[in-house]
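Report on one structure; see the data block that follows.
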Amino acid sequence: MRITRLHQVAAHGGEHDEMCRFYRDVLGAKFIAEFDPPGILFFDFNGVRLMFEASAAPATLYFWVDDVDSAHAALTDQGVTFEGEPHMIHRDEDGVFDNPGTEEWMAFFKDPGGNTLAIASRR
């Protein structure tokens, strides 16, 4: 037996129309389906399925972007309110995650369901 990839993440869902507009129209996820009842939404991010439902626990989701500053500016232009500016989270001196000396930068925000989201890239 071998686990080959992450298949699905469950997160707390808010009002369906708001969640759908946010994930599909702002973040660019592919909308898959809505089942109501029981009140579940599904989206696809490059092969990883996100499931939102009111009874799920809040989640923290990290999204990879090519350039955190450009993504921050583009999402701000679309009305996303960030909890501060992009900032360095970690400088990988030993090359554990990338080349030695590479910095990981992130910027955090909330979705309509109250989940914490982040955009991340390396420099």
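Assorted remarks:
- When only alpha carbons are used to place a centre, region 102-122 and region 79-100 end up 10 Å from one another.
- Folded to 0 to 90 degrees: helix 68-77 orientation relative to the chain principal axis, Cα: 40 degrees
- Theoretical FRET efficiency, 1/(1+(r/R0)^6), r = Cβ-Cβ of Ser70 and Phe35, R0 41 Å, to 0.05: 0.70
- For the chain, the calculated P(r) over all alpha carbon pairs, in 10 Å bins from 0 to the bin holding the longest distance, is 13, 39, 32, 14, 2 percent.
- Amide H contacts of Arg49 (H built 1.01 Å from N, under 5 Å, at least 5 apart or other chain): Gln8, Val9
- Within the chain, helix-based [θ] at 222 nm, where runs of 4 or more DSSP H residues each add -39,500 (n - 2.57), nearest 500: -3000 deg cm²/dmol
- Charge dipole of the chain about the Cα centre (unit charges at C-beta), most positive-ward option of Pro86, Leu41, Thr60: Leu41
- Within the shell of other residues whose beta carbon sits under 12 angstrom from the beta carbon of His7, the net charge comes to +1, with Lys and Arg scored +1 and Asp and Glu -1.
- Computed label-point distance, nm, for sites Glu83 and Ala54 using a 7 Å Cα→Cβ extension: 2.5 nm
- Here the chain carries DSSP beta bridges of which approximately 70% are antiparallel, counting only pairs with both residues inside.
- For the residues Asp94, Asp69, Asp111, a GNM of the chain with alpha-carbon springs under 10 Å puts the largest fluctuation on Asp94.
- Fluctuation leader among Met106, Met51, Met88 - the chain, Gaussian network, Cα springs under 10 angstrom: Met88
- The GluC sites (Glu not before Pro) of region 76-123 meeting both criteria, a DSSP state outside H, G, I, E and B (loop) and at most 14 other C-beta atoms within 10 angstrom of the site's C-beta, are Glu83, Glu93.
- Estimated vicinal HN-Hα couplings, Hz - region 104-120 in sequence order (Karplus 6.51, -1.76, 1.60; Gly, Pro = x): 9, 10, 9, 9, 10, 7, 10, 9, x, x, x, 6, 8, 10, 9, 9, 9
Each value in this text was obtained by applying a stated rule to the coordinates, not by laboratory testing. Computed from a predicted model, the values in this text were never measured in an experiment. Note that each Cβ is placed from the backbone with ideal geometry, even for glycine, and that neighbours are counted across all protein chains shown.
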